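Take a look at the structure below.
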Amino acid sequence: MVDIGDVIDGREIQVLETAEDIQARREQVLTRFAHFKEAAKYRRDKLEDSREYQYFKRDADELEMWINEKIQLCSQDDTYRDTTSVQVNKLIRKIENSYLFF
């Protein structure tokens with residue numbers, strides 16, 4: 001007859017009487033622990049991969065926003081296409097720089 005105190009999680013507590021029983025139970029526990037460590041390492045690796053992906057995605061999104069800003073600026077300002085305006089801007093800068101020395 002099994003006493004209520006001898007049942008844990010629906011399983012009966014085994015009484016280990018011989019050295020072979022103890023050794024077999026030890027091997028069973030070590031095997032289960034090794035499987036547990038492997039599963040924990042697998043989960044840790046997956047979590048690390050997920051973290052690296054999230055960093056990559058964040059950086060890519062920031063880069064995309066920066067590129068879109070630059071495209072928007074270029075589409076608003078067409079002076080870079082007109083060579084005369086570029087030359088005028090260079091001349092204005094040259095004149096402004098020369099006034100700094102007076």
*Assuming R0 = 25 Å, can you tell me the calculated FRET efficiency for the pair Ile71 and Tyr42, based on Cβ-Cβ distance, to the nearest 0.05?*
0.05
*Enumerate the lysines that Lys37 could reach by cross-link, defined here as Cα to Cα under 18 Å, with residues fewer than 8 away along the same chain left out.*
Lys46
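Computed from the coordinates by the stated procedures, all read-outs in this text should not be read as laboratory data. Bear in mind that the values here come from a model prediction, so they are computed numbers and not experimental data. Glycine also receives a Cβ, built like all others from the backbone with ideal geometry; neighbour counts cover every protein chain displayed.
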